[in-house]
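Notes follow the structure.
The values are calculated or read from the model by the stated rules, or taken from the named source; none is laboratory data. Just so it is clear, the model here is predicted, and its values are computed rather than measured. Ideal geometry is used to build each Cβ from the backbone, glycine not excepted, and the neighbour counts take in all protein chains shown.
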């Protein structure tokens, strides 16, 4: 995830620093040793992210604990890097602070959301997602949803999905629902992830009208997932409708969602599902099984 700084890039400024060791560094400047330390922390994060993406749980946990130690034991150096004049240092620090155990790192990552560098802001959002604390203030995250860079909007929604709780969106939902019309399909997918995490009944109509009917099949998949997570009687008919989706993956996902929610096995025939559900409603029954 990090845009890795090479040793060659860092080495460009080293001769000058080596020849001026008697001159104190500026407050926002890292020393040579500190720059090398930033690269070491970056390497730890790369190992963590590679293991996470590859599903290597043991390797991920090992790398995670290494980053947690950095966040706890070298916090002052991370704060210095977060405020240094090198975007690489700020980027690495912004993400690594998210592995800290105390909630006081949240303010530092929120501070980094004002950084002029897109990658620093993106990694601050990543750190906020890793921290996943419900103490995270929502307004700074909502502000990132208006960023012209779609990547920022995607990562901001990912962070929001980690700090909201079921039926508690902390004021984010109106803006999130608006993003179901975002021109970038990845943003629309992540908006549906947030909606599913909060699982409010009053978002079902938007999920159906925007998500289930989206032109992009990946978005429709996420819409089915959001309906599944909302997990109330009102999602049954939309899920039955999604079983007729032209993309077989979407249809199959809707079927599995219905099977899990209902405990029933009616196969891939939506008419059988509709008959079962109509009968349940006639009896005044819902999804309980």
With the condition kept exactly as written, say whether any residue in the stretch 163-181 is within 10 Å of the chain's Cα centre (by Cα) and at pLDDT 95 or above.
yes
All but one of (1) assigned to a helix (DSSP H, G or I); (2) exposed (fewer than 13 other Cβ atoms within 10 Å of the Cβ); (3) at pLDDT 95 or above hold for residue 16; which doesn't?
(3)
Matching residues in the stretch 237-247 - criterion: being over 27 Å from the mean Cα position of the chain (by Cα) and part of a helix (DSSP H, G or I)
237, 240, 241
On the given criteria, is residue 67 without any contact (Cβ under 8 Å) to a residue 60 or more places away in the chain and either buried (at least 23 other Cβ atoms within 10 Å of the Cβ) or within 12 Å of residue 124 (Cα to Cα) (or both)?
no
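Say whether the condition of being over 30 Å from residue 109 (Cα atoms) and in contact with a helix residue (DSSP H, G or I) (Cβ under 9 Å, 6 or more places away or on another chain) is met by at least one residue in the stretch 182-202.
There is at least one residue in the stretch 182-202 that is over 30 Å from residue 109 (Cα atoms) and in contact with a helix residue (DSSP H, G or I) (Cβ under 9 Å, 6 or more places away or on another chain).
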When residues of the stretch 144-154 are filtered for being crowded, with 17+ Cβ neighbours inside 10 Å and assigned to a helix (DSSP H, G or I), how many remain?
4
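Each row is one residue, and each column tells you yes or no for (1) in contact with a helix residue (DSSP H, G or I) (Cβ under 7 Å, 6 or more places away or on another chain); (2) buried (at least 20 other Cβ atoms within 10 Å of the Cβ); (3) in a helix (DSSP H, G or I).
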position	(1), (2), (3)
215	no, no, no
218	yes, no, yes
229	yes, no, yes
268	yes, no, no
278	no, no, yes
For residue 274, work out the one condition from (1) under 32 Å from the mean Cα position of the chain (by Cα); (2) within 23 Å of residue 211 (Cβ to Cβ); (3) modelled with pLDDT of 95 or more it doesn't fulfil.
(1)
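Restricting to the stretch 89-143, what's the tally of residues that are out of contact with any strand residue (DSSP E or B) (no Cβ under 7 Å at 6 or more places or on another chain), assigned to a loop (DSSP other than H, G, I, E, B) and either touching a residue at least 40 places away in the same chain (Cβ under 8 Å) or farther than 14 Å from residue 156 by Cα (or both)?
Count: 10.
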Output for the stretch 119-138, where each listed residue is more than 20 Å from residue 67 (Cα to Cα) and surrounded by 14 or more Cβ atoms within 10 Å (Cβ to Cβ):
136, 138
Got a number for residues in the stretch 208-222 being closer than 14 Å to residue 244 by Cβ and touching a residue at least 24 places away in the same chain (Cβ under 8 Å)?
4
